[in-house]
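The values are calculated or read from the model by the stated rules, or taken from the named source; none is laboratory data. Since the structure is predicted, the reported quantities are computational estimates derived from the model, not experimental observations. Neighbour counts are summed over all protein chains in view; Cβ atoms, including those assigned to glycine, are modelled from backbone coordinates with ideal geometry. Calculation scope for accessible area: heavy atoms of the full protein, side chains included, ligands and nucleic acids excluded. Shrake-Rupley method; radii C 1.70, N 1.55, O 1.52, S 1.80 Å.
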Amino acid sequence: MRGKQAPDGAFFYARNSGHPSDPSLQSPDKASEIMASDNPIRRPAIGTIGSTRVSEPAAPPRLITLILLSALAVLPVNMILPSLPNIAVTFHADFALVNLSVAGFAIITAVMEAIGGVISDRFGRRPVVLASLSIFVAASIGCAVAPNIGTFLLFRAMQACIGPCYSVALVIIKETSDEREAASKFGYLAMGWALAPMVGPLFGGSLDELFGWRSSFVVFAILGAAAFALSMREIRRIPLPRSRGNYVVAYGLLLRSARFWAYTLCMAASMGVLYVFLGGAPLVVGDELGRSSAKLGFYMGLVPTGFILGSYLAGRYASKTSLGAILVLARLLTCAGLLAGLALSSLGITHVLAFFGPCLFIGVGNGLTMPAANSGALSVRPDLVGTAAGLAAAMRIGGGALIASIAGLFLARSIPALFVTMLISAALALLAALYAAALDRRQPAD
C-alpha cells in the first residue's frame, strides 16, 4: 500500500483491495489522479491500513470565516486612531508615547507574523489561530480596563498576537486550492483586509463619541470571541508531520530561494509606494485642500478603494491567468498612473483630482499584486507554507516601512518630487515582478 500526504495531514491511499467499490482505490492511475489533483482535500477518498479506516478530513473553513480572521488581524491597527488624543488625556500621557500603540503595534505584528508562520508548520494551523485569538481577547479586555499608560501599552502590544491569523488564513486557502485558484481566493480575502482599515477609523471614532475610547476595545474582545467560536468549529484539528529541523533552517531554506525573494520584494516595494503616498500626500496637498482633514481623508480613501477594485479583479480573473502576467500587469498599471500624475504636475496642473486620480492606480496595482505574489511565495516550498506566509508578511511590512523611511529623507513639499519618489519604488516592484515572471517560466518550482 502506498500513501501520499495531502495538506495538513490528510492521507490518501493509492490501492486498497478491501474497498473494490471505490474506483479511486481500484486503479493506480485513478489514484494517481486524485493524489496529484489541485485540491485533494475536497475529494472523497476512504482507505484502510490493516483494520484502521482513514477518511478525508472535513471541508475547509468557509471563505467568510477566513476573511473575518484576516480583517481582524488589521482592524486594530487604525481603528483607535481617532481616539489617540482622548487616550492621552485619560492617562495624562504625552501624545508621542500614546502613538506607540500604533507604531509599536505594527512592528510587533511583523515579528509575530514571522514567528506564527513557522510555529503553524510545526504544530498546526488550528492551535496558532486559537492561541492568537485567545491572547487577543484577553489583551483587548486588558486595554479596556487599563488604569495607566504603561499597562495600556503592555496589553496593546499583546494585541499584536492577532497578526498570524492573516498568514494562517492564506495558508489554509493555499492548502485547499491550486495555485491560480488560491490567487483568486486571496483576492477576495484582500478585499476584506483592505475594507477593515477603511471603515475602522470611522467606526472607532463613532464608538469614541458615543461611549468613550474604551468601547473600541470591548468591541475588539467581542469580535475576537466570535472569531474564536467560528475557528473552533471550522478549523479542524488535523495532525501535521513535525519537522525536526530548527526554525532558523526553515527560514534559510526560503531565503535561499530566488523565487521567494522575487515575490516578496515585489510586495515590499509595492507597499513602499503606498507608504510613501500616505506619508507624503498630506504634506504636498494639505494647503490645496484648505488643511481640511475631512477632505484629505476623503480623497486619500481613493487608494484603498482602488485596492478593493484590484483585489476584486484578482479574485475574478486570477484563476484564469498566470501569476507572472498578473504581477507584471499590476505593476505596469501603477507605473503608468504615476507617470501620468508626474506629467500633469510637471505641466503645472494642480487640481486635487490631478493628484489623487493617478494615485488611484497605486491601490489598483497593489490589489492585483498582493494575491498573486502571496500565492507565488507560498508555492516555493510546499512543506514550509506556513513559514513562507509569515516570513513574507513580515518582509512585506518591514520592507515597505524601510522604503518609506528612506524616501522620507528626500521628500520635498513638491507634488512632482513625491511622484518621482513613488515611481522609484514602483519601478523596483516592476523589476521584481519581471524577475518573478522570468523565474516561473524557467523554473516552475524550486
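For segment 111-233, carbon and sulfur atoms together expose 76% of the accessible surface, with a 1.4 angstrom probe and every protein chain in place. Carbon-plus-sulfur accessible fraction, segment 316-446 (probe radius 1.4 Å, protein heavy atoms only): 72%. With each label modelled as a point 7 angstrom along the Cα→C-beta vector, the Val248-Ala138 pair spans 3.0 nm.
Here is the size of segment 326-442 from its Cα atoms: Rg then Dmax, 16.0, 54 Å. Based on protein heavy atoms only, segment 332-418 ends up with 35 Å² per residue of surface accessible to a 1.4 Å probe. Net length available on complete extension from Ser346 to Arg256 is 28.2 nm, with 0.36 nm assigned per residue and the Cα-Cα distance removed. When the surface is traced with a 1.4 Å probe over the full set of protein chains, Thr90 keeps roughly 60 Å² accessible. Taking one quarter of the surface of the C-alpha convex hull of segment 342-404 gives a mean projected area of 5.4 nm².
Pick out, from Val285, Leu360, Leu378, the residue whose Cα sits farthest towards the positive end of the charge dipole of segment 270-383, with +1 on the Cβ of Lys and Arg and -1 on the Cβ of Asp and Glu. Checked the options; the winner is Leu378.
With protein chains left intact and a 1.4 Å probe, residues in segment 116-266 average 41 Å² of accessible area per residue.
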